[in-house]
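Single-structure report; data block below.
The values are calculated or read from the model by the stated rules, or taken from the named source; none is laboratory data. Note that the coordinates shown come from a computational prediction; the quantities given were computed from them, not determined experimentally. Here the Cβ positions follow ideal geometry from the backbone for every residue, glycine too, while neighbour counts run over all protein chains shown. Accessible surface areas use protein heavy atoms only, side chains included; no ligands, DNA or RNA. Shrake-Rupley method; radii C 1.70, N 1.55, O 1.52, S 1.80 Å.
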Amino acid sequence: MSIGRRLPNGLKTPDTPSADDAQRRVDQIRAFRAELGALKAAGASPLQPEQEAAVAAYHDRLLAHLAAQYDVDATERAGQLSRGMRLLSFFGAVTLTAAIYSLVAHYFGRLDVPMQAALLTAFPLMALIGVELAARRERTLYIASLFAIAAYGSFWLALWELTQRLDIPLSALFLWTGVLFGFALAIPYGFRIILAASLFTLAAAIAATMFEAAGTEWPLVFNRLELLLIAACSLLLLIMPLARADRAFAPVVRLTSFGIGLACLLALSLDGSHSLAPVQPWTAESVYQSLMLVVCVALLVISVRRRWSESWKLTAVMLTLFLLTRYVEWFWDALPTYVFFLILAVFAFVWLLALGRIRGRLAMVGQ
Amino acid sequence: MKRMLVPALATLLMVVTLSIVHGWNRSGVPRLRITLTERELPLSWGGLDDGRGARFRIEQQGRFEPLDARNWLTEERLRALGFALDVMPGAPEAAIEYGRALPKSAWVALEYDATAWRDIERRRALTEPSGRPGALYELSSSRLVPVDASLDGDALIARHPAGHLVIRASIQLAYLDPRNNGPVGYGYIRHLIPDHMSVPHHLKDRLANLPERNEPFTPRYEVDVALGRFGIPYVTDVRVLR
């Protein structure tokens, strides 16, 4: 695998390996060394000492290069520490945003409107400066992502508070500024959480704009779900352009699009009154229940074949939730309680076997 | 630093747009003016730790009683607002159709302390249990009563140039089934848009030392309200009455 340098402005080409690619390579090398050690212990190593030394020297150079370029986790312990740091980064971001919000709630009444507007503008701008300075100093972007989430959160805080202070109704059109902010922050730096939030906002903004154009309130987009479902599906059009910026964005787009879509289908299958269609609620429920089953099975097949691990995990969870809700709704009153739970246990075993087969199929495809 | 440019511009775009809307709304001659009291504009309280500033909540008479609602939101007016009333209230699917209808955003004219409010007072006086007929409602309820609605705000202001507050609202259909003295379909105001007005910073001190609310309740302040170019109401003056 060729290791290319990051471009100065942070944007990557399709050929530039990502940090995830580098970490996967490091994990491969560690696994190889562990297996080689086990083979030598069993007296079954196929390599001569000079061959082993040459391979070890090559791997040492490669690991040093990857560590210098991508700050990868060379050991399992380092990997655990990195996971902890990611969690801590997210926690820090949420608490920083909450602190900004509490500051506003506590003191803003003492300021006049121009000062309020200036401070609300300053919060996201200062956080953006923090993102840039942190990104220049650390390759892992833990601190940078903390500031990025704070910037994103304080942008929405600014929008909400300003509309409240200025008594301007929050129109769907203002959501588009948030979409622009989110994408402009996520793409150059590679922030996947911000990208996922921006994709969700994009789907909501598309549906909300259509609601407002139809003369009704846009928050109802989360009550009548078809437009949000269609907008979620349209997010898949962004996979190719976003993957050109960073290959790691493609799973994010799939996860967000499928997540919103399946959540809408699940809600519609549970309660047909969430449908815009001019049919009886129970008719809408029946249609969406059938659709949910077909879509989940199709998605499972496609994501296994294409090796989209994030997609098949999401689909498996949503399908399980859907089947569980159907089972409860159809059989809770009809069956004795012990039979109800016994059948549920059998279903869990069957589902485990099915997922095991899918996992085995994934392993075969990987080979 | 180029990476920060677009998100920073997006932030500035948002703030500048809101500032322009705010400034433009308050520029020029207001589209109408009205003076309301604490009954119509009670202070809104966000809790002990809410220091975001005083705001008035715009209160109006709900007119939720179906037959009363049909007096001002007639079938013709509801159709003009965009509601498709194709199903008769007595039809079996009427409950579902009325319940599923999406609310519509429209302009409403709220009449202040005039004929419509007197009618409501008289009806309440007839139905009030023993005690002081109507007194409780007369002193504690908003005297803003919805009397007209239209998709055209300018036409509504032209029809009601004085003694009214014209404001945007969300209007919803409701249905009363035969078991509850129906069948009847009617409309009502879900909420006003906006339903709050901020107290200007330079006027907030006037509300800092208000006397305690008394019983029977009498308003402690009155507020001059203007309707801006974008149809967003704003406070121009606050006077303490007692």
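Which of the residues spanning segment B:143-201 are out of contact with any Phe, Trp or Tyr (no Cβ under 8 Å at 6 or more places or on another chain), of a type in the set (Val, Ile, Thr) and either within 30 Å of A:Gly109 (Cβ to Cβ) or within 13 Å of chain A (Cβ to nearest Cβ) (or both)?
Scanning segment B:143-201 gives B:Ile189, B:Ile193.
With the condition kept exactly as written, say whether any residue in segment B:165-188 is part of a helix (DSSP H, G or I) and open to solvent by less than 30 Å² (accessible area, probe 1.4 Å).
no
List the number of the failed condition for B:Val108; all other conditions in (1) more than 17 Å from A:Gln280 (Cα to Cα); (2) touching a helix residue (DSSP H, G or I) at 6+ places or on another chain (Cβ under 7 Å); (3) of a type outside the set (Ser, Thr, Tyr) hold.
With (1) more than 17 Å from A:Gln280 (Cα to Cα); (2) touching a helix residue (DSSP H, G or I) at 6+ places or on another chain (Cβ under 7 Å); (3) of a type outside the set (Ser, Thr, Tyr) applied to B:Val108, the lone miss is (2).
Give the residues of segment A:103-118 that are part of a helix (DSSP H, G or I) and open to solvent by less than 60 Å² (accessible area, probe 1.4 Å), sorted by residue number.
A:Val104, A:Ala105, A:Phe108, A:Gly109, A:Val113, A:Gln116, A:Ala117, A:Ala118
Checking the conditions here, which among A:Glu132, A:Glu138 is modelled with pLDDT under 90 and more than 30 Å from B:Ser44 (Cα to Cα)?
After ruling out the rest, the residue left standing is A:Glu138.
For segment B:189-207, name all the residues that are more than 18 Å from the chain's Cα centre (by Cα) and either closer than 21 Å to A:Thr163 by Cβ or open to solvent by 60 Å² or more (accessible area, probe 1.4 Å) (or both).
Scanning segment B:189-207 gives B:Pro200, B:His201, B:His202, B:Leu203, B:Lys204, B:Asp205, B:Arg206.
Take A:Leu228 and tell me if it is assigned to a helix (DSSP H, G or I) and more than 12 Å from A:Ala172 (Cβ to Cβ).
yes
Restricting attention to segment A:213-233, does a residue exist that is in contact with a Pro (Cβ under 8 Å, 6 or more places away or on another chain), within 13 Å of another protein chain (Cβ to nearest Cβ) and not charged (D, E, K, R)?
Taking segment A:213-233 as the starting set, the residues that turn out to be in contact with a Pro (Cβ under 8 Å, 6 or more places away or on another chain) are A:216-217, A:220.
Those left that are additionally within 13 Å of another protein chain (Cβ to nearest Cβ): A:216-217, A:220.
Then keep just the ones that are not charged (D, E, K, R); that gives A:216, A:220.
Yes, segment A:213-233 contains a residue that is in contact with a Pro (Cβ under 8 Å, 6 or more places away or on another chain), within 13 Å of another protein chain (Cβ to nearest Cβ) and not charged (D, E, K, R).
Could you list, in sequence order, all residues of segment B:52-85 that are open to solvent by 20 Å² or more (accessible area, probe 1.4 Å) and facing chain A (nearest Cβ under 10 Å)?
If the condition is that a residue be open to solvent by 20 Å² or more (accessible area, probe 1.4 Å) and facing chain A (nearest Cβ under 10 Å), then B:Arg52, B:Gly53, B:Ala54, B:Arg55, B:Gly82, B:Ala84 are the ones that fit.
Suppose we filter segment B:202-235 for residues that are over 30 Å from B:Leu173 (Cα atoms) and within 13 Å of chain A (Cβ to nearest Cβ); how many remain?
7
Check A:Pro169 against each of (1) open to solvent by 20 Å² or more (accessible area, probe 1.4 Å); (2) within 11 Å of chain B (Cβ to nearest Cβ); (3) under 25 Å from B:Ser170 (Cα atoms); (4) part of a helix (DSSP H, G or I) and name the one condition it does not meet.
Against the list (1) open to solvent by 20 Å² or more (accessible area, probe 1.4 Å); (2) within 11 Å of chain B (Cβ to nearest Cβ); (3) under 25 Å from B:Ser170 (Cα atoms); (4) part of a helix (DSSP H, G or I), A:Pro169 comes up short only on (4).
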